[in-house]
Each structure stands twice: as C-alpha cells, then as structure tokens.
C-alpha cells in the first residue's frame with residue numbers, strides 16, 4: 001500500500017447506494033492527504049483492502065475507492081460520450097426495455113476506429129474503463145428505477161495474437177487484460193445468487209452500513225461510524241444481489257492435435273449473461289482474465305475469465321482457416337476424375353486392404369446433406385454411423401485412431417473406460433455450482449458436427465450403450481435429474497469398433513449370431529462390417545509385404561504415403577461439409593426406389609425385408625459420394641456406389657445360407673429367419689406335449705424325439721431348449737421335464 005501511495009494515483013468512487021462524494025486527483029495528493037489515507041487504513045481493518053488484477057480497492061462502510069497507477073495517455077471520457085452519441089437508437093431501445101434489457105453491445109473494432117487510445121485503454125485496463133463506461137452509459141439514459149444497473153458489452157475483438165487467444169495461451173501476462181477466447185462449453189452450473197452490496201446493521205445503535213462484496217467470502221464492516229462497535233447483523237432482504245453462473249469451457253477439438261489434452265478454463269457470467277448457453281455449445285467470449293485465490297495457503301492461484309459478453313457460434317468447421325490458395329487447390333482437386341479413389345486411398349494408407357471399410361469411412365467423413373427438414377418439422381439425420389466388428393489384431397483400433405487424426409473434428413474414447421454419461425450428458429454435483437448440480441456434456445455432444453470414435457464398443461455395459469439410442473437417431477441428448485431438464489444437440493457421426501461375442505468369430509456359426517450388441521443399437525448403424533482374420537496365403541503375404549515397407553527405405557515408404565496431403569484433405573472435408581448440399585436428381589431417386597423395391601422383393605414375404613432405415617442409409621451414402629466430388633446434385637454414379645457398399649454388407653451379414661435369401665433381421669437380431677422358425681417349432685411342440693400330458697409337463701426325451709422326426713438336429717434342439725429356459729419361456733419343475741411359464 002505504501003509504495004503505491006508514493007506514486008501518482010488515480011482514484012474513483014464506486015457507484016453504490018448513497019456513496020460519499022470523494023474525488024482524489026494525483027496532482028492534489030499532498031503529504032497530508034497521504035497521511036489521512038494511512039489513518040483510514042489504520043481505522044478500517046485489513047479485510048476491507050482488496051488487491052485484484054492490478055487494481056487496489058479500498059472498501060469503506062458504504063463505498064469503495066479504486067486506487068490504480070495513473071495510466072499514461074489516459075483517454076478523456078468525453079470521447080466515450082461522443083461514441084455513445086452515435087448509438088442513439090440502441091440507447092433509446094435500452095431505455096424502453098429496461099430492466100428486461102440491461103446492456104448495449106458495442107463493436108470493439110468500431111471503438112478502435114473511433115478512438116484507438118480508448119479501445120486500447122479498454123483492453124489494457126478493463127476494470128477501470130468498463131466501470132467508467134457503465135457510469136457514462138447510465139448517465140446518458142433516463143431510467144425510472146431504483147439503483148439501476150446497466151452494462152457496456154463489447155464483441156468482435158481482432159483475431160491477432162494478444163486480442164483473441166487460445167485457452168492454453170492464457171498465462172500470467174494476460175491477468176487483468178480484456179481478451180477474446182473461443183471454446184466449447186463442457187460444464188454449466190445452476191444460476192446462483194451472489195451478494196453484490198451487503199447491508200449491515202450495528203447490533204448496538206442500529207446504524208446501517210453498506211459493504212461492497214468483491215470476494216466469495218462475506219465481508220463485514222470494520223467498526224460502526226456512530227458508536228465504534230464492531231458487531232453487525234447482516235440484512236439479506238435489503239442487500240443488493242445479482243445472478244451469477246459458472247461455466248467450464250475447453251478448447252475446440254479441431255484446435256487440438258496429436259495426443260494433446262484439450263485445455264480448460266472457468267467462466268463467470270453475471271446478471272443478463274446467465275442462462276444464455278447450454279453444455280456442448282460453441283461460444284466466443286470477451287472478458288477479463290482474473291485470478292481466484294486458493295482455499296488453502298498456497299501461492300498458486302486459479303485463473304478464470306469474468307465474461308463481458310458471449311456469443312454462440314455454429315458448430316461446424318468454418319473456423320478451419322481456408323485461404324484463397326487453399327480454396328483454389330480444393331476446387332482443382334475436385335476436378336480430378338480420380339478424386340473419389342484418391343480420397344479413399346488417403347484413408348489409413350498404412351493399413352493393408354479394408355477397401356470397403358475405407359470407402360465407408362471416407363463417406364462418413366463427408367456425411368449426407370445437412371439441414372434437411374420435413375414439412376412437419378422433423379429433421380432428417382445427415383450423419384452416417386459405422387460399426388466394425390472383428391477378430392482381435394485386425395487393426396480396428398488403428399483405423400479409428402487414424403480417423404481421429406484426419407477428421408477436422410473427432411473425439412476418441414474406449415468403451416471400457418466410458419460410461420453412458422461420459423458419452424451423452426449428465427447432471428452431477430460439482431464445485432462449479434457451490435455443491436449444487438452441474439450439467440456436463442459427454443463425447444457425443446462435444447463432438448457435434450464431427451465424429452465420435454468409440455473403441456471396444458462391446459465392453460460397454462448394456463445400460464451405458466442404451467444411453468446412445470436417442471443420440472444416434474434423434475441426434476439429441478435429454479437429461480432429467482435433480483429437477484434439471486435439458487436437451488443437448490448431438491449431431492455426431494459414430495464410428496464404433498467391437499469384438500465378436502466370444503472374442504473371435506466362429507466359422508461354424510452365422511456372423512449375426514456372434515454380435516454382442518443389442519438389436520436396438522445395431523439397427524441404428526448405416527453399415528456394419530464384419531472383419532474376420534481368415535488364413536489365406538496370398539492375403540497374408542500381401543499384409544506382410546505392406547507392413548515390412550514401413551521398416552525399410554524411404555523410397556518404399558513413399559508407396560504407403562496418403563495420395564492426398566492430410567492437411568489438404570482435412571480442409572477439403574471441411575470445405576465440402578460447410579459449402580456443399582447436394583440434392584437428389586430424378587434419375588438418382590428413381591434408381592434408389594427401384595433398388596429398395598427389389599431388395600424387399602428378395603424375401604418373397606418369408607424373411608424379414610429391408611426397412612425404410614436401409615433406404616435412408618442409401619440416400620445418405622449417395623449424398624456423401626456427391627459431396628466428395630463437390631457436386632451440388634446426387635448423380636447415378638453416386639447411387640451405384642452406395643448400392644455397391646450396401647450389397648457388400650448384406651452379403652456378409654444378411655445372407656441366410658439355409659434359405660438362400662437375404663434376411664435383414666440377421667443384421668439386427670440374434671437369429672436369422674431359419675433359426676427363428678426352428679425356435680418357434682420347438683416351442684409349439686413343447687406346448688402340444690404339455691396340453692396332452694395329465695401333469696402338464698413335457699419330458700426332454702419326448703421333445704427331442706418328436707423334434708428329430710420334424711427334421712431338427714439333436715444339437716440344435718438342445719440349444720433351443722436352453723435358450724427358451726434362459727428367456728423364461730419354459731422352466732424345469734423337476735429334472736428332465738419342462739413346463740411353459742404362462743401355464
């Protein structure tokens with residue numbers, strides 16, 4: 001304090017109810033004035049001195065004085081009055097709408113053009129400048145209200161370093177500075193009341209005293225001005241309160257590369273800024289970087305941003321910088337007749353084979369046409385979901401990790417360490433809400449507009465997987481807990497990898513019976529790829545040769561480089577997703593219709609046929625193919641590519657060798673049509689035997705004997721009996737006998 005008093009200072013009264021008229025200018029700060037301040041410092045307890053971000057505040061019983069070093073070139077605030085006079089329409093609107101509207105939004109760059117010094121003063125010394133701006137703003141309004149509170153808010157800071165910064169760049173040099181930051185809302189607290197100015201009453205004489213409350217802990221007056229006693233009673237009903245809300249934001253995913261962890265920082269919102277965003281929103285914040293003292297006696301302080309203004313941003317790839325030269329390169333690449341094949345060849349080139357999988361991933365990266373809305377308001381999902389189910393060691397995880405690196409926006413999680421709340425969203429108790437409830441966004445929300453890569457999908461519990469139903473189809477996540485009801489956007493593509501039910505595929509069982517994933521989840525994937533580790537000399541030789549190239553000369557390494565530079569491919573994807581919205585031509589629509597009708601006709605009414613979900617998947621794949629070529633229309637060749645991939649998956653999974661027909665239920669249930677028929681036959685046989693028996697029981701020997709007469713294998717019958725028992729359809733009242741549960 002003493003060193004500060006010996007230097008030139010600038011003092012300013014803080015606007016509080018009935019503040020004392022007090023102005024101290026540096027030119028008139030004589031030795032006697034300094035002595036009087038020292039006497040005041042002795043009279044008022046140290047608890048009322050508050051140093052924060054380069055500003056010393058001295059809190060009196062009913063006012064506070066800000067003491068700061070005199071700023072060189074301090075701009076005359078009449079300039080701000082002149083700046084305000086240019087916004088007469090906004091001032092009039094604020095006067096009419098107060099208290100529903102409490103602030104005016106100004107453009108920082110407009111202020112800079114008007115008065116460079118004034119704009120820089122705001123950036124360097126936001127506390128004092130904003131306080132004076134707000135005071136001048138209030139003076140220019142005609143508000144018929146008691147103790148009105150208005151705010152000057154600023155947006156559109158320049159993108160240059162020092163003005164707009166990344167979360168990871170917020171270091172000690174930015175403390176107390178006005179900055180702009182982009183981030184993704186990760187957590188959001190409840191709206192909480194915070195004491196702004198506390199009213200206290202002396203316990204002896206009844207004298208009232210106001211105390212400004214800048215800290216989290218309640219600050220009381222030192223001594224009563226009338227009687228000198230130090231015992232006070234807090235009067236909450238007549239004190240001045242303000243709503244606050246705390247957020248946690250993290251760096252945008254596309255700004256994080258490699259194995260870096262997304263950095264996070266806390267935001268404090270006040271008054272009319274609260275309840276403006278939800279978890280998962282992408283926002284831009286302007287505000288002052290502050291320090292929060294630790295609860296323990298530590299020299300390490302926690303940083304946070306006190307928001308002056310926040311703006312919601314669209315969740316897309318537009319912030320990936322695409323220069324004019326980049327755009328020219330993208331357009332030139334799109335004209336290449338082999339662009340489709342080159343993009344597929346640039347997906348995980350270090351992995352041998354997997355051509356159909358790589359093609360599907362390329363289509364997923366581009367996605368279907370966004371912003372499709374039906375007349376009834378229903379939004380059609382544009383995102384493509386893919387599932388890879390394969391034996392261990394077939395490079396499923398490497399495929400996912402490669403997508404994480406190449407996709408403009410992607411989150412990689414493993415099912416083993418991920419809960420349903422970690423994937424979707426949750427309400428949890430958190431310090432952010434002072435012990436209350438906080439909404440926290442999960443991976444599917446945070447990856448909005450991008451891809452969520454989920455490895456070891458089969459390791460998730462059924463309950464956790466079940467939480468994905470809504471997110472994968474409706475592309476929303478709903479939370480209802482502890483009185484909090486919220487809905488988040490989850491416009492995310494899912495790329496999942498899983499092992500078969502018993503770790504490896506059994507060559508003697510149908511593939512679909514070995515999927516350890518519920519049918520309700522399976523049905524939400526557009527394409528499902530079984531990847532089997534089959535011994536084949538030619539294929540094994542090709543894999544070995546391909547892998548050994550990575551350990552040999554630079555010349556041979558060139559052969560496994562991506563055909564398109566990863567940085568250009570990333571920008572190409574972002575450009576297509578943001579600018580290309582292809583529509584079906586009549587020819588393309590007719591071809592899809594013909595294929596869908598033909599696909600349903602293959603079942604001949606006996607097996608489960610294709611459903612509208614398969615039709616929608618073909619449309620999405622066709623649109624993605626057109627986006628790869630940067631075409632505004634979906635052509636015949638795009639539809640044929642989608643049909644070719646669909647046929648590949650159907651033949652791998654949905655072809656029932658027992659009937660020679662395609663059975664879509666093989667993709668979404670545990671059994672093909674032929675197996676379901678055998679189960680129903682055995683169940684009916686048990687029912688008949690129970691009806692004919694005097695004790696309503698069927699013996700195991702009779703069941704097997706009669707089933708064999710109907711052409712069923714003994715092994716199959718035993719499996720079916722066990723399955724009926726597991727499902728609770730039948731039970732065994734005594735050894736070797738069975739009864740129907742419904743009986």
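What follows is calculated from the coordinates using simple rules that are stated; it is not laboratory data. None of these values were measured; they are calculated from a predicted model. Cβ sites come from the backbone with ideal geometry, for glycine too, and all protein chains shown count toward neighbours.
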Quiz item: Points 7 angstrom from Cα along the Cβ direction at residue 487 and residue 341: gap in nanometres?
Solution: 4.7
Practice problem: Counting other beta carbons within 10 Å of each Cβ, put 705, 385 in order, fewest first. | Solution: 705, 385
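Between residue 116 and residue 138, what's the calculated FRET efficiency when r is the beta-carbon distance and R0 is 35 Å? Round to 0.05. Let's see the in-between values first.
Working: r = 25 Å, r/R0 = 0.72.
So, using R0 = 35 Å, E works out to roughly 0.90.
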Quiz item: Which whole-number percent is the relative contact order of segment 673-740 (Cα, under 8 Å, 6+ apart)?
Solution: 36
Self-check item: Residue-span extension gain [residue 321 to residue 683] - 0.36 nm each, minus C-alpha spacing
Solution: 124.0 nm
Quiz prompt | Potential extension, residue 97-residue 696 segment - 0.36 nm per residue separation minus Cα distance | solution = 207.7 nm
Quiz item: By count of other Cβ within 10 Å, fewest leading, how are 374, 400, 527 ordered?
Solution: 374, 400, 527
Quiz item: By count of other Cβ within 10 Å, fewest leading, how are 232, 302 ordered?
Solution: 302, 232
Quiz item: Which peptide among 403-410, 347-354, 358-365, 712-719 comes first, and what is the full order, when sorted by highest mean count of other Cβ atoms within 10 Å?
Solution: 358-365, 403-410, 347-354, 712-719
Exercise. Consider a paramagnetic label point 7 Å from the Cα of residue 516 along Cα→Cβ; state which residues of segment 377-406 have an amide N under 19 Å from it.
Key: 387-398
Self-check item: Equivalent ellipsoid, segment 145-226 (semi-axes from 5 times Cα gyration tensor eigenvalues, Å)
Solution: 39, 15, 15
Quiz item: For the residue pair residue 234 and residue 166, what label-to-label distance in nm results when each label sits 7 Å from Cα along the Cα-to-beta-carbon direction?
Solution: 4.2
Exercise. Between the alpha-carbon centers of segment 109-151 and segment 196-246, tell me the distance in whole angstrom.
Key: 28
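Hey, any idea what Rg/Rh is for segment 673-740, computing Rh the Kirkwood way over Cα pairs?
Details: Rg = 10.9 Å, Rh = 11.8 Å.
So for segment 673-740, dividing Rg by the Kirkwood Rh gives 0.93.
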